[in-house]
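Following: one structure in structure tokens, then a few remarks.
The values are calculated or read from the model by the stated rules, or taken from the named source; none is laboratory data. Treat the numbers as computed from the prediction; the structure is a model and nothing was measured. In this analysis, Cβ positions are derived from the backbone assuming ideal geometry, glycine residues included, and neighbour counts consider all displayed protein chains.
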């Protein structure tokens, strides 16, 4: 179930629908459903996203997952809490524009995507090519899988040395276009792409360690 049929909600609905999932989209503006193509096979329900009658009409009792991506922070978090606490939906995520509020709700157990922080991070990765390029972020926004630039210092050293210095986990390497999971004896070679897992708060330390060989810079 998706709350909000804006650009994000409609794109998400189409992707899930194309994958064969049963999708219901809720929006209080019936005109918003014009963003869905005629080929969309899911359900559309007009109403307030945290209203129980609306949610039940959309099939909340059968929902496996709930994504609140409307334009309002308050509506998103309230609807997400109702979905989880009242209807027991297992997978719930809310988009929040205010990163400070997102942190608060994160601690309350509601996975959030802080739009402003995420967008800023993506732009930074494009204008500053060195460092880390996000490839995956877990729904809570706490853990990142990223391709991280490796400085010349690390060539010829083991991936375990890199992990010890940075605190990150090397998930896999790409060498000559072929990905593989490193062993205890794997050595970093010139041209390798290193894909690492780390907590988002540790990004600066990880980038410094990968670039210079020291987590302290």
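Across the range 82-105, the qualifying residues are those that are part of a helix (DSSP H, G or I) and closer than 17 Å to residue 24 by Cα, and the one among them that is modelled with the lowest pLDDT is 84.
Every residue, every condition in (1) at pLDDT 95 or above; (2) crowded, with 19+ Cβ neighbours inside 10 Å; (3) closer than 23 Å to residue 102 by Cβ, yes or no:
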| site | (1), (2), (3) |
| --- | --- |
| 26 | yes, yes, yes |
| 33 | yes, no, no |
| 37 | no, no, no |
| 44 | yes, no, no |
| 50 | no, yes, yes |
| 62 | no, no, no |
| 66 | no, yes, yes |
| 69 | no, yes, yes |
| 72 | no, no, yes |
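For the range 174-187, residues that are modelled with pLDDT under 95 and buried (at least 19 other Cβ atoms within 10 Å of the Cβ) total 0. Residues of the range 35-50 that are touching a helix residue (DSSP H, G or I) at 6+ places or on another chain (Cβ under 9 Å) and assigned to a loop (DSSP other than H, G, I, E, B): 36, 37, 39, 40, 41, 42, 47, 48, 49, 50. Residue 131 is checked against (1) modelled with pLDDT of 90 or more; (2) under 29 Å from residue 186 (Cα atoms) and fails just one. What number does that condition carry? Unmet condition: (1).
None of 32, 79, 67 is touching a strand residue (DSSP E or B) at 6+ places or on another chain (Cβ under 6 Å), outside any strand (DSSP E or B) and in the same structural domain as residue 7 (by TED's automatic domain parsing) except 79. When residue 24 is tested against (1) closer than 14 Å to residue 69 by Cα; (2) free of Cβ contacts under 8 Å to residues at least 60 places away in the same chain; (3) in contact with a helix residue (DSSP H, G or I) (Cβ under 6 Å, 6 or more places away or on another chain), only condition (3) is not met.
Listed conditions (1) in a helix (DSSP H, G or I); (2) modelled with pLDDT of 90 or more; (3) surrounded by fewer than 18 Cβ atoms within 10 Å (Cβ to Cβ) are all met by residue 54, apart from (3).
Looking across the range 131-182, the residues that are farther than 20 Å from residue 209 by Cβ and out of contact with any strand residue (DSSP E or B) (no Cβ under 9 Å at 6 or more places or on another chain) come down to 176, 177, 178. Residue 151 meets all of the listed conditions (1) over 30 Å from residue 68 (Cβ atoms); (2) at pLDDT below 90; (3) buried (at least 16 other Cβ atoms within 10 Å of the Cβ) but one, namely (3). Among strands (runs of 3 or more DSSP E) entirely within the range 128-201, having at least 1 residues that are in contact with a helix residue (DSSP H, G or I) (Cβ under 7 Å, 6 or more places away or on another chain) and in contact (Cβ under 8 Å) with a residue 24 or more places away in the chain singles out 132-137, 143-148, 169-175, 193-199.
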